[in-house]
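A short write-up of the structure that comes next.
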Amino acid sequence: SAKKEKRTAIFYDESMLYDYLHKRDIEHELNKAIVNDELYMAYQPQYSVDGSVVGVEALVRWQSPKLGFMPPDSFIYIAESIGSMDQIGTFVIERSLTDMLALQKSTGVRFSVSVNVSVKQFKKADFFENLMAIINKIGFCAELLILEVTESVLIEDIESIQHLMLKIKQQNIRISLDDFGTGYSSLSILKNLPIDELKIDKSFIADITTDRESRTMINGIISIAKNKNIITVAEGVETKDMLVELSKLDCDVFQGYYFSKPIDKAQLASLLSSQATS
Ligand code: C2E
Ligand code: CA
Ligand code: CA
Ligand code: CA
């Protein structure tokens, strides 16, 4: 029929049709994921140069009974497009802060908790109020919270972002600039916004031992950060050689498979208790 032809004509090849149907599947399943308790958190430890855990990054995970394990890169953008990111974001903050407060208490280790905040989530008018409500309800120490945002959050509407960041800073919550160096306006953001920490993107880190250019870039990033009292975190540290190079360049904090993959709360608990007693 004419109607059927029109529908199929939208997809000029099969992989496009597949992508479309798969996206619909993901949307459909995602709507149930929160209520059905399919989302959970993994925590990746972050280390100082002396080898102790100084923080964790909270990373969301989705085990779907129908679609299998879904990495966050495969569903966060879809969640944003269908308006589910609010709920997921709230889940992430609530669960991470609850879990990590419990661990801070049981192990006696003081460590920061970094939470990823998506573009739309950060720009929502009630983001700050919701965040504070959760922090107060749980009783989490605001100084130990770090919000990781990417550059794309920050390029438009600089005045309202400055205003929001000021409110966040007044609560002693820290702001980290994620994937640093991959965007176009990284330096102007450092100049105009109150950034506490920057995470050097793992694409630079991956090349540090083989490529002089990457090494020079990282060196430059760290010097600028030092000058502005900004903490530098290297993500994707996979080998000892990478760690050695990064330490030479005076990077502050290290995160990556060389130290630990993202792990669950129980594994993190035993990792922290061995630190507390050693
Ligand atoms: P990201 O914020 O840049 O997170 C770092 C990613 O690198 C994580 O992937 C982490 O598992 C991975 N990683 C850690 N160490 C290494 C390493 O040594 N080598 C390599 N190659 N990779 C490493 P993951 O967990 O799959 O997350 C992917 C992205 O999804 C994150 O990138 C972040 O943008 C987003 N994401 C994850 N959790 C959340 C969340 O709770 N909220 C939001 N808004 N986004 C999230
Ligand atoms: Ca991150
Ligand atoms: Ca990153
Ligand atoms: Ca990333």
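Using +1 on the beta carbon of Lys and Arg, -1 on that of Asp and Glu, and nothing else charged, what's the dipole of the chain about the Cα centre, debye to 20? Please report the intermediate quantities before stating the final value.
Working: 30 positive and 39 negative charges, 93 e Å.
Charge dipole, the chain, about its Cα centre: 440 debye, nearest 20.
Compute the relative contact order of the chain as a whole-number percentage, counting only Cα pairs closer than 8 Å that sit 6 or more residues apart in sequence. Please report the intermediate quantities before stating the final value.
Values: 390 pairs, mean separation 49.9, N = 278.
Normalised by residue count, the contact order of the chain is 18 percent.
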Self-check item: Rounded, prolate or oblate (a/c below 1.5 giving rounded, otherwise prolate when a/b exceeds b/c) for the stretch 153-278 by Cα gyration tensor
Solution: oblate
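Residue separation times 0.36 nm, minus the C-alpha to C-alpha distance between LEU17 and ILE34: what's the value?
So the chain would gain 3.4 nm between LEU17 and ILE34.
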Quiz item: From the cross-link list LYS199/LYS265; LYS105/LYS228; LYS120/LYS199; LYS202/LYS228; LYS226/LYS248; LYS123/LYS248, which pairs have alpha carbons spaced over 26 Å apart?
Solution: LYS105/LYS228; LYS123/LYS248
Quiz item: What net charge is computed for the residues neighbouring ILE82, neighbours being all others with C-beta under 14 Å from the C-beta of ILE82, Lys and Arg scored +1, Asp and Glu -1?
Solution: -1
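So how strong a dipole does the stretch 44-138 carry about its Cα centre when Lys and Arg Cβ are +1 and Asp and Glu Cβ are -1, to the nearest 20 debye? Mind showing how you got there, number by number?
Working: 9 positive and 9 negative charges, 31 e Å.
For this selection, approximately 140 debye.
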Quiz item: Straight-line reach from LYS32: which aspartates and glutamates have Cα under 17 Å away, leaving out those fewer than 8 places along the same chain?
Solution: GLU80, ASP86
Self-check item: Most fluctuating residue given options VAL49, VAL35, VAL119, as computed from a GNM of the chain linking Cα atoms under 10 Å
Solution: VAL35
Practice problem: For the chain, with a Gaussian network of springs between Cα atoms less than 10 Å apart, report the residue from GLU156, GLU14, GLU213 with the top mean-square fluctuation. | Solution: GLU14
Self-check item: Distance between the stretch 181-198 and the stretch 208-258 - C-alpha centres, whole angstrom
Solution: 16 Å
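For the stretch 154-236, with only Lys/Arg (+1) and Asp/Glu (-1) charged at the beta-carbon, what is the dipole magnitude about the Cα centre, in debye rounded to 20? Walk me through the intermediate numbers first.
Values: 10 positive and 12 negative charges, 82 e Å.
So the magnitude is around 400 debye.
State the Kirkwood hydrodynamic radius of the chain in Å, one decimal place, computed from all pairs of distinct Cα atoms. Mind dumping the intermediate values first?
Values: mean 1/r = 0.0492 Å⁻¹.
With all distinct Cα pairs of the chain included, I get 20.3 Å.
Laboratory data are not the source of any read-out in this text; all were calculated from the coordinates shown. Here the structure is a predicted model, which is why all the values come from computation and not from measurement. Counting neighbours? That spans all protein chains shown, and the Cβs are built from the backbone with ideal geometry, glycine included.
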